[in-house]
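J.: Here you go, one structure.
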Amino acid sequence: MNSTPALVGYTAVVGFAAPYLLLRARWLHRVPALAAAAWHALAVSFSIGVALSAASLALPAEHLHTGLVDLLHTCGLDMGAGGPAPDTANRLAVGVPAAIGIALVASFAFHGARARRARAQHREAVDLVGRHSPRLRATVLPYDTPAAYCLPGRHPRIVITDAAVRRLTPEQLVSVLEHEQAHIAGRHHLVLAAVEAFHSVFWWVPLARHTRAQTALLLEMIADDRALRSHSYEALATAMYEMAAARTPKGALAAGGSNALIRLKRMLGPRRALHPVLRGAVAAVAAAVPLLPLLVACPPHLG
């Protein structure tokens, strides 16, 4: 049985319909880490679906499963003397998915390297102009606008302007620094490079656009929650308000920025924990979604 229509249909649903359904979910901002995992699960599932769809379209209908066995070794079909010999279609069935995978890996490497270069250049400038504060464990930059951001990577820096040091209270200041430390500890720059790579390859798909935008917002919320473990909502919220207009250098992650208003509303609004059953169900679905294209392409044989 040719599963190509089902596989192409599934991939289209994930790429074009699923993001709008997920955006309507009310729990996204309540559990940002789980929400980010859900977006990434959809991205992985879509990528696998596209690769398998390309493989299945390159093969004659009667050779579909044979090609998938050669590609993934998951179907376990009999490949005896009666099986088809390798031909152009079989090579395309392997080559096209491989090209998609290579494109994603190359794009990730490109975006990661570009961001790393931008951070290195900015780090050199910050080290020349700023002064290291052992008390804050950050570099203080002479600037008349309150701002704070981090330069993650092998040689991370937390940068804060002297205007922020003057205007923020001690608790506000420490909460902002904790927010930036969360970005560094969580290696959020790698997550952003991954979603940038996915967007670069599949820029025409709504899932890619929304995954990039939502991941950037959710990572900020994850860092907010880390800071809120030991500091009050009011301290972080007022600090974010002070720094909302600050600009963020390329490759950096900042406590303020364009999504500050959404985060402020979340922070100061009613806080309700997600029900454990719903949390577990979402986590299970997120873990299973990347495997669904394989099940569609290679349905289990009963009997």
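The values are calculated or read from the model by the stated rules, or taken from the named source; none is laboratory data. Quick caveat, the model's predicted, so the values are computed rather than measured. Neighbour counts are summed over all protein chains in view; Cβ atoms, including those assigned to glycine, are modelled from backbone coordinates with ideal geometry.
J.: Taking the stretch 265-280, which residues are in a loop (DSSP other than H, G, I, E, B) and surrounded by 13 or more Cβ atoms within 10 Å (Cβ to Cβ)?
T.: L274
To keep it simple, each residue is scored yes or no on (1) surrounded by fewer than 22 Cβ atoms within 10 Å (Cβ to Cβ); (2) free of Cβ contacts under 8 Å to residues at least 60 places away in the same chain.
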position: E178; (1), (2): yes, yes
position: F198; (1), (2): no, no
position: W203; (1), (2): yes, yes
position: P206; (1), (2): yes, no
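J.: Separate question: Of everything in the stretch 218-241, what is surrounded by fewer than 22 Cβ atoms within 10 Å (Cβ to Cβ), part of a helix (DSSP H, G or I) and not aliphatic (A, V, I, L, M)? Give them in sequence order.
T.: D225, R226, Y233, E234, T238, Y241, listed by residue number.
J.: I've got another one for you. Only residues in the stretch 137-151 that are within 11 Å of V126 (Cβ to Cβ) count as the first member; pair them with residues that are part of a loop (DSSP other than H, G, I, E, B) and aromatic (F, W, Y), Cβ under 6 angstrom, at least 6 apart or cross-chain, and list the lot.
T.: none
J.: Also: May I ask you to verify whether V140 is part of a helix (DSSP H, G or I), over 18 Å from H188 (Cβ atoms) and modelled with pLDDT of 95 or more?
T.: In short, no.
J.: Then there is this: Does the stretch 159-191 hold any residues that are touching a Ser or Thr at 6+ places or on another chain (Cβ under 7 Å) and closer than 17 Å to G251 by Cβ, and which are they?
T.: Within the stretch 159-191, V159, V191 meet the criteria.
J.: Ok, one more. Is it true that some residue in the stretch 95-109 is in contact with a helix residue (DSSP H, G or I) (Cβ under 6 Å, 6 or more places away or on another chain), at pLDDT below 95 and not in a helix (DSSP H, G or I)?
T.: No.
J.: Let me ask something else about it. Pick from the stretch 242-257 the residues that are of a type in the set (A, V, I, L, M) and part of a loop (DSSP other than H, G, I, E, B): which of them is nearest to the chain's Cα centre (by Cα)?
T.: So, considering only residues that are of a type in the set (A, V, I, L, M) and part of a loop (DSSP other than H, G, I, E, B), the one nearest to the chain's Cα centre (by Cα) is A252.
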